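The values are calculated or read from the model by the stated rules, or taken from the named source; none is laboratory data. Given the structure is predicted, the values throughout are model-derived calculations rather than measurements. Cβ atoms come from the backbone with ideal geometry, glycine included; neighbour counts cover every protein chain shown.
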Amino acid sequence: MVGETRTAAKMKKKIIIDATLRVLRKQGINQCNHRAVAEEAGVPLGSTTYYFKSLDDLLEAAMRSYLYDFKAITESWFSEHAALPPADIVIKFLVATLMDRKLIHHEYEMYAAAISRPALRPLSLSWLLIIEDMMLKYVTGDRLKSKLLSLMIDSLLMRSVLEPDSILFDEVNLVTTIHLLLQE
């Protein structure tokens with residue numbers, strides 16, 4: 001009986017977390033609240049506040065869930081492309097990521113929420129470290145170079161959010177920059 005109750009509670013929390021992620025994708029972080037999540041999840045408002053006392057608790061759980069999936073998907077992508085030359089891996093990753101500008105927008109909205117929500121800062125930092133770790137593991141064995149590549153990618157993606165209609169980079173300059181960063 002107790003095991004069934006715990007399982008039901010875990011399932012309800014997952015339903016609420018998944019609904020939070022859908023609200024964030026559809027409406028953005030400014031429209032994300034317990035009421036919107038309850039409506040999206042099809043659960044009573046009291047369920048969202050029972051499992052997640054504050055909005056920060058709800059956002060933290062959603063972000064943690066998202067990062068878990070993001071890390072697995074990112075690791076899989078890099079693993080599938082590991083045979084390519086290092087610079088090609090970086091360029092293909094950027095191109096693949098930039099294909100879904102709306103997703104990038106919502107990711108950076110969550111990422112930037114840590115500015116005013118200190119509880120989210122460790123999660124936002126871990127987001128950056130996922131890319132940095134992929135650069136270290138699949139592109140360069142050098143920690144400084146992986147950090148620089150990660151910062152460059154982060155900057156380009158943030159720029160794509162701020163200037164969604166612009167051409168983000170001159171491909172020749174990008175390729176040159178990546179090759180310079182990867183020089184031994």
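Here is how the numbers come out for the structure above:
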{"item": "Entirely in the stretch 17-82, the helices (runs of 4 or more DSSP H) that have 3 or more residues that are under 18 Å from LYS102 (Cα atoms) and hydrophobic (A, V, I, L, M, F, W, C)", "result": "55-80"}
{"item": "Residue check for LEU123: at pLDDT 90 or above, over 18 Å from THR97 (Cα atoms), crowded, with 16+ Cβ neighbours inside 10 Å and not polar (S, T, N, Q)", "result": "yes"}
{"item": "Whichever residue in the stretch 109-118 is assigned to a helix (DSSP H, G or I) and out of contact with any Ser or Thr (no Cβ under 9 Å at 6 or more places or on another chain) and, among such residues, is modelled with the highest pLDDT", "result": "PRO118"}
{"item": "Count of the stretch 1-44 residues which are in contact with a Leu (Cβ under 8 Å, 6 or more places away or on another chain) and without any contact (Cβ under 8 Å) to a residue 40 or more places away in the chain", "result": "6"}
{"item": "Criterion (in the same structural domain as LEU144 (by TED's automatic domain parsing) and surrounded by 18 or more Cβ atoms within 10 Å (Cβ to Cβ)) met by exactly one of ALA82, ALA62", "result": "ALA62"}
{"item": "Residues of the stretch 133-143 satisfying the condition of being under 17 Å from the mean Cα position of the chain (by Cα) and surrounded by 20 or more Cβ atoms within 10 Å (Cβ to Cβ)", "result": "MET134, MET135"}
{"item": "Checklist (1) loosely packed, with under 11 Cβ neighbours inside 10 Å; (2) closer than 23 Å to LEU149 by Cβ applied to GLY42, failing item", "result": "(2)"}
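Condition check ((1) touching a Ser or Thr at 6+ places or on another chain (Cβ under 7 Å); (2) within 15 Å of PHE70 (Cα to Cα)) across all residues:
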| residue | (1), (2) |
| --- | --- |
| HIS81 | no, no |
| MET99 | no, no |
| ILE104 | yes, yes |
| LEU120 | no, no |
| SER124 | no, yes |
| ILE153 | no, no |
| LEU181 | no, no |
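Results for (1) under 19 Å from LEU180 (Cβ atoms); (2) surrounded by fewer than 15 Cβ atoms within 10 Å (Cβ to Cβ), shown as yes or no for each residue.
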{"residue": "LEU103", "(1), (2)": "no, yes"}
{"residue": "GLU107", "(1), (2)": "no, no"}
{"residue": "TYR111", "(1), (2)": "no, no"}
{"residue": "PRO118", "(1), (2)": "no, yes"}
{"residue": "LYS145", "(1), (2)": "yes, no"}
{"residue": "MET152", "(1), (2)": "yes, no"}
{"residue": "LEU157", "(1), (2)": "no, no"}
{"residue": "PRO164", "(1), (2)": "no, yes"}
